[in-house]
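Have a look at the structure below before the remarks.
The values are calculated or read from the model by the stated rules, or taken from the named source; none is laboratory data. Computed from a prediction, not measured in an experiment: that's the story for all the values here. Cβ sites come from the backbone with ideal geometry, for glycine too, and all protein chains shown count toward neighbours. Note: areas computed on protein heavy atoms with side chains; ligands, DNA, RNA excluded. Shrake-Rupley method; radii C 1.70, N 1.55, O 1.52, S 1.80 Å.
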Amino acid sequence: MRPGEGPAVEHVVKLDGPVTDFHISGQHIHCMCGKELLKADKDQGEIFYRKEVFAKRGFSRKLAAEGGEIFVYDFCTLSVFRQEDYALQKSWKLGNDLSSDICGMAADENTVYCSIRNGKLVALDRRSGVEKEFPVLGSSMWSLIHYGQGLVCGSVDGKLLLLDKKTMSIEKRMDLGRKNIGSLYRDGETLYAASHDGRLFRINMRSWEIEALVKNAHKKMFGCVGMYQDMLVTVSHPCSEVALWDKNTLEKRGMLTVPLQLSGRARIEGGFLYLSSRNIMGIDKIRLSQ
């Protein structure tokens with residue numbers, strides 16, 4: 001791939017509005033558009049099922065899936081839907097205003113973890129619905145992923161934390177700067193972190209040390225999407241860029257220019273990069289091998 005080359009883009013899922021988030025499971029894409037949850041074929045884009053589950057349209061909703069359930073947070077509310085038919089299973093209101101809205105989310109087989117603005121974490125038992133709240137930090141945590149029996153969190157003031165899932169106590173911390181660590185991706189014992197100051201980090205989870213660092217990875221906000229072959233893929237919606245980096249050295253292998261806007265989501269599946277954006281009415285996909 002040559003720098004600045006425009007890839008062939010396939011408009012795989014055609015809808016009447018932008019997709020705010022989506023999850024790929026087997027042959028299906030589960031996505032949110034307007035007031036609906038929809039299930040589409042990931043290759044042909046055929047829509048198998050759709051259901052109106054939201055009272056109004058929204059661009060701030062985020063989605064995750066685990067164990068046959070779909071988790072959606074919107075402002076202060078977390079909702080759980082059955083993946084098969086999008087039937088509402090549970091709903092929690094975890095805050096009241098912009099000082100207590102949900103910033104990030106992760107789920108395992110037993111628990112849903114939500115980071116709340118200004119540094120709290122809430123653990124919700126998926127079976128009993130019991131809610132536990134933990135004060136963790138003095139600043140919000142917008143990125144949240146699993147690591148064994150722990151959670152890795154990135155904060156808006158540039159801190160990286162490793163928390164014990166049971167106690168939510170801080171086991172390790174690292175200062176990565178002063179800007180939001182808005183995106184995390186883990187590949188085995190290696191963690192990749194994207195900072196809003198444009199830096200991209202490769203971190204050894206066992207030694208808790210920075211092994212590689214790139215400045216100005218993108219000029220504006222970007223996220224770590226996942227792996228393609230031996231490369232890390234990052235996407236910057238504001239810059240309309242897709243970049244590929246050597247997963248060990250973070251040497252740039254390629255840069256693609258893709259028309260994107262403001263914000264959206266990206267997933268890698270079967271050698272394809274799937275993209276949603278404010279300017280895409282549905283979901284596009286790009287073959288990464290081109």
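Just a few scattered comments:
- Computed Rg/Rh of the range 169-251, alpha carbon atoms with Kirkwood Rh: 0.95
- Computed label-point distance, nm, for sites ALA55 and SER100 using a 7 Å Cα→Cβ extension: 1.7
- Sequence-distant aspartates and glutamates (8 or more away, or on other chains) whose Cα lies within less than 12 Å of LYS215: ASP197, GLU251
- Over the range 217-288, the hull volume per residue, using the convex hull of the C-alpha atoms, is 73 Å³.
- Options TYR192, SER155, MET168, ranked by Cα towards positive dipole end of the range 143-198, top entry (Cβ charges): MET168
- Selected from VAL9, SER60, HIS30, residue furthest toward positive end of dipole (the range 2-125; charges at beta carbon): SER60
- Considering only ALA123, ALA266, ALA87, the mean-square fluctuation computed in a Gaussian network model of the chain, springs between alpha carbons under 10 angstrom, is largest for ALA87.
- Residue of ALA217, ALA194, ALA55 that the Gaussian network model of the chain assigns the largest fluctuation, springs spanning Cα pairs under 10 Å: ALA55
- For the range 97-193, trypsin sites (Lys or Arg not before Pro) are listed when DSSP marks them as loop and at most 11 other Cβ atoms sit within 10 Å of their Cβ; the list is ARG127, LYS166.
- Across the range 93-252, C-alpha contacts under 8 Å between residues 6 or more apart give a mean separation that, scaled by the residue count, equals a relative contact order of 11 percent.
- Per-residue HN-Hα couplings for the range 39-56 [Karplus 6.51, -1.76, 1.60; θ = phi - 60°; Hz; x = Gly/Pro]: 10, 10, 6, 6, 9, 9, x, 4, 8, 8, 7, 8, 8, 7, 10, 10, 6, 8
- Residues whose amide H comes within less than 5 Å of that of GLY58, counting only those at least five positions distant or on another chain, are GLY34 (H built at 1.01 Å from N in the peptide plane).
- Computed from phi, the 3J(HN,Hα) profile of the range 150-160 under the Karplus parametrisation 6.51, -1.76, 1.60 (θ = phi - 60°) reads x, 10, 9, 10, x, 9, 6, 9, x, 9, 10 Hz, with x in place of Gly and Pro.
- Normalising the average separation of contacting C-alpha pairs (under 8 angstrom, six or more residues apart) by the number of residues puts the relative contact order of the chain at 15 percent.
- Restricting the range 56-113 to GluC sites (Glu not before Pro) that sit in a DSSP loop and have at most 11 other Cβ atoms within 10 Å of their own Cβ leaves GLU84, GLU109.
- Within a straight-line Cα-Cα reach of under 13 Å, LYS56 can be paired with the following aspartates and glutamates, leaving aside sequence neighbours fewer than 8 residues apart in one chain: GLU36, ASP74.
- Rounded percent of accessible protein surface that carbon and sulfur make up, the chain, 1.4 Å probe: 45
- Given charges at beta-carbon only (K, R positive; D, E negative), |dipole| of the range 168-290 in Debye: 360
- Interchain or long-range residues, amide H under 5 Å from LEU15's placed H: GLY282, ILE283
- Sequence-separation-based contact order of the range 1-122, relative, with Cα cut under 8 Å and 6+ spacing, percent: 14
- Each semi-axis of the equivalent ellipsoid for the range 131-290 is √(5λ) with λ an eigenvalue of the Cα gyration tensor; in descending order they amount to 27, 17, 15 Å.
- In Hz, Karplus ³J(HN,Hα) per residue of the range 125-138 (6.51, -1.76, 1.60; θ = phi - 60°; x = Gly, Pro): 5, 5, 8, 8, x, 5, 10, 10, 10, 10, x, 10, 8, x
- Too-long pairs where the Cα-Cα distance tops 19 Å, listed order kept, from LYS14/LYS51; LYS120/LYS165; LYS42/LYS252: LYS42/LYS252
- Under 5 Å, built H, 5+ apart or other chain: amide partners of ASP108: TYR113
- Selection of chymotrypsin sites (Phe, Trp or Tyr not before Pro), the range 166-262, meeting DSSP coil and at most 14 other Cβ within 10 Å: TRP208
- Within the chain: Cβ-based charge dipole about Cα centre, in debye rounded to nearest 20 (Lys, Arg +1; Asp, Glu -1): 580
- The orientation-averaged projection of the convex hull spanning the C-alpha atoms of the range 133-195 amounts to 3.9 square nanometres.
- Working value for the chain: equivalent-ellipsoid semi-axes of 27, 26, 16 Å, each the square root of 5 times a Cα gyration tensor eigenvalue, largest first.
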